[in-house]
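The values are calculated or read from the model by the stated rules, or taken from the named source; none is laboratory data. All values derive from a computational prediction rather than experimental measurement. We place every Cβ from the backbone using ideal geometry, glycine too, and count neighbours over all the protein chains shown. The protein model used for the area step is the full one, side chains on, heavy atoms only, and it has no ligands, DNA or RNA in it. Shrake-Rupley method; radii C 1.70, N 1.55, O 1.52, S 1.80 Å.
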Amino acid sequence: MDVSIIIPAANCSHSIEKTVRALRDYLKKLGVTFEILLVPNGIPSDETQLTQKACERLAGEFTEVKLYELLGPPGKGRAIASAVEKTSGKNLYYTDADSPFDLSFIGEAEKLLKGSTGLVVGNRRLPESRFIVPPGLMGLAYRRHKLGVLFNAAVRFLFGFSVTDSQAGLKGMKRELALMAFPKMVCDGFLFDIELLLVAKRTGFETRELPLTFRLSTEKSTVRIFRECFLSLYWFWRIKLRDLKGGYVGRMDR
């Protein structure tokens, strides 16, 4: 298997089918063998049930699509980490269920992963990146962008990264890195990307960045953004402490 793509699926019954079909079409044109792992991971609700049923329909319709049942608490990081060992691909990717990114990233990342690169990071803040934003969301998108710049400045200061967009939801990596990194992670939520970057850095895997075309169709509420900022303070402290203790170096955990 050339490529495995993991999609954490929470509250996405309205978008997951479109995302999966677009991925299938693109990967077939790319000429790679592939699998798509769907991991429903929302908190119990009517929407979670709808998402589960949508994922089940897709897994029943397409042989390349697999459904992975996440046991225990939900969380984006936990959903991806739990599915990694179920994959078969030489290269692993994860993306958001609404797939707001241009899929050409995967083709470019595949070229890099054939060489010495171990991790390819989508970066919305490179000069070549492009945002496609409806007029009604431009003001909110700009404020979110400014918060993201401040967030990533803090990440670079605390962890010594050169990457200027740690949190874009599209990344690709060699299987060796994925099997080494995800067992070391402690963050079940959205800041697991920082842990992935730390493992790549501490274990000598080369990291490259690629520009993204990002299509924004919805916007986070202010309440959600501030809640995530508060959670970030806690996880910054916990991840930094674990890094100082050498938690992101060494051989693959078993």
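In table form, for the structure just shown:
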read-out	value
Filtered residues of region 164-182 (kept if of a type in the set (A, V, I, L, M) and under 20 Å from S104 (Cα atoms))	A168, L170, M173
All positions within region 104-161 that are part of a loop (DSSP other than H, G, I, E, B) and of a type outside the set (A, V, I, L, M, F, W, C)	K114, G115, S116, R124, R125, P127, E128, S129, P134, G160
Of all residues in region 174-192 being under 15 Å from the mean Cα position of the chain (by Cα) and more than 18 Å from V121 (Cβ to Cβ), the one that is surrounded by the fewest Cβ atoms within 10 Å (Cβ to Cβ)	G189
Residue in region 58-75 that is under 16 Å from the mean Cα position of the chain (by Cα), more than 28 Å from R130 (Cβ to Cβ) and either open to solvent by 10 Å² or more (accessible area, probe 1.4 Å) or among the aromatic types (F, W, Y) (or both) present	yes
Those residues of region 167-180 which are modelled with pLDDT under 95 and among the small types (G, A, S), in sequence order	A168, G169
Failed item, numbered, when I43 is tested on (1) aliphatic (A, V, I, L, M); (2) out of contact with any Phe, Trp or Tyr (no Cβ under 8 Å at 6 or more places or on another chain); (3) crowded, with 22+ Cβ neighbours inside 10 Å	(3)
Qualifying positions in region 77-107 - open to solvent by 20 Å² or more (accessible area, probe 1.4 Å), on the phi < 0 side of the Ramachandran plot and under 11 Å from the mean Cα position of the chain (by Cα)	A81, D96
Per-region count, region 138-173, residues open to solvent by 30 Å² or more (accessible area, probe 1.4 Å), touching a residue at least 60 places away in the same chain (Cβ under 8 Å) and not charged (D, E, K, R)	5
